[in-house]
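The values are calculated or read from the model by the stated rules, or taken from the named source; none is laboratory data. Everything numeric in this text was worked out from a predicted model, so none of it was measured. For neighbour counting, all protein chains shown are included, and Cβ atoms are generated from backbone atoms with ideal geometry for every residue, glycine included. With ligands, DNA and RNA removed, areas are computed over all heavy atoms of the protein, side chains included. Shrake-Rupley method; radii C 1.70, N 1.55, O 1.52, S 1.80 Å.
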Amino acid sequence: MPSAAARGSEAFAVSPRAIAVFMLLLMAAALGCRLLNADQAAGAALTIITATLVLGVVPGALATLLWRPRPQLTALEVVGFGIALSFGVVHLLTMLAVSAHLSPTFMLAGLGLASALMAGRLIQKGSGVVVVSIDELIVLALLLLLGVPLYLQGSPFDAYE
């Protein structure tokens, strides 16, 4: 399969180290959002978005970058594998917490520690490359343009039921 540059689209490479640092900053931002006022719309939205990204993408994306199925991955592959793997990890941790009567705080702390260790390992070794093409940026921008109004709309269960 030809690379993005060979197909004629503009692309640039991102180091897994840079992605790991970004993931650590995202985790810190999610922790910092606990200090925001959740009664304000912006604070509530930022809290939900950072928490969703940290639980729903970060562990799987870091595991994908450590696993490195290929030396060169695209950004959408990292995000897609990240969502799929994170879903499975969170599901397994939920089953463990329920069956062993462990607190959610304990499980989230364990997941955060494991994610921080994976990010540290990526910063240490950091081999491989993640390719971000203009085509992928267009897809991500369109998803964002769709996601923002859907978030603002919310779930209108009273209006249609």
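Table for the structure above
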| quantity | calculated |
| --- | --- |
| Selection from region 30-42 of residues that are open to solvent by 40 Å² or more (accessible area, probe 1.4 Å) and either closer than 29 Å to Ala63 by Cβ or not charged (D, E, K, R) (or both) | Leu31, Arg34, Leu35, Leu36, Asn37, Ala38, Gln40, Ala41, Ala42 |
| Top-ranked residue of region 99-129 - restricted to ones that are of a type outside the set (A, V, I, L, M) and part of a loop (DSSP other than H, G, I, E, B), ranked as least open to solvent (accessible area, probe 1.4 Å) | Gly126 |
| Selection within region 55-73 - assigned to a helix (DSSP H, G or I), crowded, with 19+ Cβ neighbours inside 10 Å and without any contact (Cβ under 8 Å) to a residue 40 or more places away in the chain | Gly60, Thr64 |
| Tally of residues being open to solvent by 30 Å² or more (accessible area, probe 1.4 Å) and either out of contact with any helix residue (DSSP H, G or I) (no Cβ under 7 Å at 6 or more places or on another chain) or in contact (Cβ under 8 Å) with a residue 24 or more places away in the chain (or both) across region 75-87 | 7 |
